[in-house]
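Here's the structure we're looking at; comments come further down.
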Amino acid sequence: MPADLDVSEAVEALRAGGVVAFPTETVYGLGADAGDEAALRRIFAAKGRPAWHPLIVHFADVASLDEWARDVPDVARSLAAALWPGPLTLVLRRTERVSRAATAGLETVGLRVPAHPLALELLSAFGGALAAPSANRFGGLSPTTAAAVRAELGPEVPVLDGGPCAVGVESTIVDVSDGVPTILRPGGVPREVIERIVGHDVPSRTGGSVRSPGQLPSHYAPRARVVLASPDDFGGVVEALLAEGVAVGVLCSESAPERTDVSVERLPNDPAGRARRLFEALRRLDASSDVIVAALPYDDGLDWAVRDRLTRAAAPRDAMGAAPPPRAGC
Ligand code: TXA
Ligand code: MG
């Protein structure tokens with residue numbers, strides 16, 4: 001089977017119970033029919049992802065929210081009306097149409113209407129919902145190009161190529177299942193935007209449950225070790241590593257001085273540009289470096305998500321999280 005598909009071939013493969021990687025505005029997803037348990041098992045197998053991690057369910061039409069979620073509170077409807085299609089995932093109580101294999105046995109489901117035109121075309125033509133985690137090996141860097149999907153998952157996984165992703169970091173996840181919004185993962189919608197829509201401060205709970213791999217201390221990690229440095233000690237950290245004789249990669253801003261003794265990837269000076277380029281820059285440095293030294297941005301606006309991903313990429317690798325005790329129906 002050719003690795004690259006068009007939309008009708010992708011629909012055919014999905015209807016036959018296969019997996020297809022497709023572009024969204026955040027990152028590429030690895031999709032399968034959200035109502036087909038055997039197809040969903042193929043996602044977990046392709047990613048090497050533990051079955052106790054729930055998937056995000058994607059659909060095309062904001063108006064069909066109630067097909068996938070029940071007891072939807074007003075605050076969820078306001079967020080959906082304002083931000084869908086877009087980089088927002090709402091955690092809500094699931095309806096029977098969502099397979100428990102997609103939610104890892106949870107009674108809640110992460111739902112999202114993505115904004116990428118090809119994702120919307122695929123979802124409309126498919127006519128149902130697609131469960132899709134980011135199309136990378138579990139714990140690795142999320143892919144923001146079709147080539148990155150192939151590098152992560154190999155040539156057998158068919159890919160719908162929609163070019164580079166415009167947002168570049170995953171969706172912001174907001175749990176609204178009990179009517180009180182809580183941010184579970186910073187992402188493509190800044191916290192300030194969510195707070196403006198709901199009209200008050202929104203707390204975050206981003207360090208807790210191992211049910212959200214995006215909340216694990218170590219996640220989004222390249223092969224190379226990642227070391228975080230402040231602008232003041234950046235040069236010193238790089239010199240110390242070079243003295244150890246390791247291959248150093250540097251993730252810095254556009255305005256940082258030229259260097260020839262290390263691999264350099266520059267992130268744009270604006271937050272949207274930083275988010276868009278982050279994973280691809282880490283992926284490129286990973287190909288040439290043993291250690292990546294990265295400067296941390298502040299944590300406002302989209303930089304909150306960039307800071308979160310870099311912090312998790314730098315976390316100790318034994319902090320991937322252990323499986324929680326088995327639950328009925330998992
Ligand atoms: O931007 C995105 O969200 C991308 C694109 C493909 O849509 N998807 C993505 O999926 O990042 P994934 O599987 O890599 O991350 C989904 C996150 C995980 O941390 C998962 O645990 C959390 O969503 N999640 C899903 N359902 C949940 C639920 N019911 N309760 C809490 N967290 C949930
Ligand atoms: Mg992911």
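The values are calculated or read from the model by the stated rules, or taken from the named source; none is laboratory data. A quick note: this is a predicted structure, and the numbers were derived from the prediction, not measured. Note: ideal-geometry Cβ built from the backbone for every residue, glycine included; neighbour counts use all protein chains shown.
Here are some notes:
- Val226 vs. criteria modelled with pLDDT of 90 or more, over 28 Å from Pro50 (Cβ atoms), aliphatic (A, V, I, L, M) and surrounded by 17 or more Cβ atoms within 10 Å (Cβ to Cβ): no
- Counted residues, region 7-45 - those being among the charged types (D, E, K, R) and either part of a loop (DSSP other than H, G, I, E, B) or within 18 Å of Ser134 (Cα to Cα) (or both): 5
- Residue list for region 64-116, filter: out of contact with any Gly (no Cβ under 7 Å at 6 or more places or on another chain) and among the small types (Gly, Ala, Ser): Ser64, Ala69, Ala76, Ser78, Ala80, Ala81, Ala82, Gly86, Ala101, Ala102, Ala104, Gly110
- Exactly one residue out of Val180, Val202, Val169, Val149 is assigned to a loop (DSSP other than H, G, I, E, B), within 16 Å of ligand 1 (Cβ to nearest atom), modelled with pLDDT of 95 or more and closer than 27 Å to Leu122 by Cβ: that is Val169.
- In region 129-145, residue surrounded by the most Cβ atoms within 10 Å (Cβ to Cβ) [restricted to those that are more than 9 Å from ligand 1 (Cβ to nearest atom) and under 13 Å from Glu25 (Cα atoms)]: Thr144
- Filtered by the rule that a residue be near ligand 2 (Cβ under 9 Å from one of its atoms) and part of a strand (DSSP E or B), region 129-146 gives a lone residue, Ser134.
- Residue pairs meeting the criteria (Cβ under 7 Å; at least 6 apart or on separate chains; first within 19 Å of Thr144 (Cα to Cα) and part of a loop (DSSP other than H, G, I, E, B), in region 107-122; second within 12 Å of ligand 1 (Cβ to nearest atom) and of a type in the set (D, E, K, R)): Pro114/Glu25; Ala115/Glu25; His116/Glu25
- For region 100-128, taking the residues that are under 12 Å from Ala69 (Cα atoms) and surrounded by 22 or more Cβ atoms within 10 Å (Cβ to Cβ), the one that is farthest from the chain's Cα centre (by Cα) is identified as Val109.
- The set of residues in region 154-179 that are among the hydrophobic types (A, V, I, L, M, F, W, C) and within 20 Å of Glu25 (Cβ to Cβ) comprises Val159, Leu160, Cys165, Ala166, Val167, Val169, Ile173, Val174.
- If the condition is being within 16 Å of ligand 2 (Cβ to nearest atom) and either in a helix (DSSP H, G or I) or surrounded by 21 or more Cβ atoms within 10 Å (Cβ to Cβ) (or both), then region 46-88 contributes Ala46, Lys47, Pro54, Leu55, Ile56, Val57, His58, Pro87, Leu88.
- The listed residues are Val246, Val291, and the only one of them that is surrounded by fewer than 16 Cβ atoms within 10 Å (Cβ to Cβ), touching a Lys or Arg at 6+ places or on another chain (Cβ under 9 Å) and modelled with pLDDT of 95 or more turns out to be Val246.
- Residue within region 49-59 that is within 15 Å of ligand 1 (Cβ to nearest atom), more than 20 Å from the chain's Cα centre (by Cα) and among the basic types (Lys, Arg) present: no
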